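The values are calculated or read from the model by the stated rules, or taken from the named source; none is laboratory data. Predicted model only: the values in this text are computed from it and were never measured. FYI the Cβ positions are ideal-geometry reconstructions off the backbone, even for glycines, and counts take in every protein chain you see. In case anyone asks, the SASA skips ligands and DNA or RNA and just uses the protein heavy atoms, side chains included. Shrake-Rupley method; radii C 1.70, N 1.55, O 1.52, S 1.80 Å.
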Amino acid sequence: VAAGPGVTHLAVGDRVFGQAAGCLGTAVVGEAAALAVMPPGLTYVESATLPTAFLTAFECLDRVCAGAGAAGANPAAPPTLLIHAAAGGLGLAACQVGSLAGAALLATAGSPAKRAVVRTQPGAVGVFSSRDTAFVDALVGLRLGGGGGPAPPALPTLVLNSLTSPGMVAASLATLGSRGHFVEVAKRAIWSPARAAQERPDVAYDVV
């Protein structure tokens with residue numbers, strides 16, 4: 001309904017989406033840099049689902065994906081990501097962000113139908129159940145070429161975790177390559193940095 005001085009990419013009457021404090025209210029004033037014109041064909045409901053999921057995905061994958069792909073990462077050594085709960089909003093956003101960075105995607109999801117959706121994501125080379133820790137053995141088999149599909153190029157560079165079942169964090173840490181990153185987005189059963197360092201002192205551990 002109004003645009004401040006110097007704002008050139010938005011105009012009064014535009015359908016916009018983005019991120020702003022208080023955006024559940026009837027009206028909100030937001031930073032122009034955090035708002036964009038809605039792409040044609042998207043509804044307001046659809047657009048409302050995108051900013052938080054994708055901004056979180058970019059924040060979580062920044063260390064691996066910054067400089068990747070067109071920005072100049074070594075194409076011979078693309079990142080390998082393990083994304084848990086990959087059929088959810090954040091999971092699918094992370095798959096797309098990782099794919100844009102040229103990453104090989106390993107993922108878990110809770111049901112056969114959800115795993116089928118994740119397998120359609122570009123770059124997906126292995127999709128496993130998130131209900132137990134069997135994905136660890138499956139990853140070993142996949143890396144040895146016994147999975148019946150393309151083998152990922154390396155141990156995971158980054159694990160994006162939201163699973164809280166017993167044993168999931170330890171199992172996921174065990175899959176990481178040396179100097180990798182474990183990024184935690186769960187809201188409970190979160191390990192302390194000290195505990196993670198005891199388990200894997202050779203990797204970085206972050207809670208987002």
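A few points about this structure:
- Considering residues of region 41-54 that are more than 14 Å from Leu160 (Cα to Cα) and of a type outside the set (Val, Ile, Thr) only, the residue farthest from the chain's Cα centre (by Cα): Gly41
- Top-ranked residue of region 90-106 - restricted to ones that are at pLDDT 95 or above and of a type in the set (Gly, Ala, Ser), ranked as surrounded by the most Cβ atoms within 10 Å (Cβ to Cβ): Ala94
- Pairs meeting the criteria (first residue in region 21-47 and under 16 Å from Leu10 (Cα atoms) and without any contact (Cβ under 8 Å) to a residue 40 or more places away in the chain, second residue open to solvent by 60 Å² or more (accessible area, probe 1.4 Å) and in a loop (DSSP other than H, G, I, E, B), beta carbons under 6 Å, at least 6 apart or on different chains) are Ala34/Gln19; Val37/Asp14; Met38/Arg15.
- Meets criteria (surrounded by 19 or more Cβ atoms within 10 Å (Cβ to Cβ) and either at pLDDT below 90 or closer than 19 Å to Ala124 by Cβ (or both)) for Leu155: no
- Qualifying residues in region 163-208 (those that are among the acidic types (Asp, Glu) and not in a loop (DSSP other than H, G, I, E, B)) - the one farthest from Ala138 (Cα to Cα): Asp206
- Only residues that are within 18 Å of Leu155 (Cα to Cα) and either of a type in the set (Phe, Trp, Tyr) or open to solvent by 10 Å² or more (accessible area, probe 1.4 Å) (or both) were counted across region 178-201, and they come to 7.
- Residue match in region 60-81 (condition: modelled with pLDDT of 95 or more and open to solvent by 30 Å² or more (accessible area, probe 1.4 Å)): no
- Qualifying positions in region 1-41 - part of a loop (DSSP other than H, G, I, E, B), within 26 Å of Leu92 (Cα to Cα) and open to solvent by less than 50 Å² (accessible area, probe 1.4 Å): Ala20, Met38
- Tally, over region 103-131, of residues that are farther than 21 Å from Leu61 by Cβ and aliphatic (A, V, I, L, M): 2
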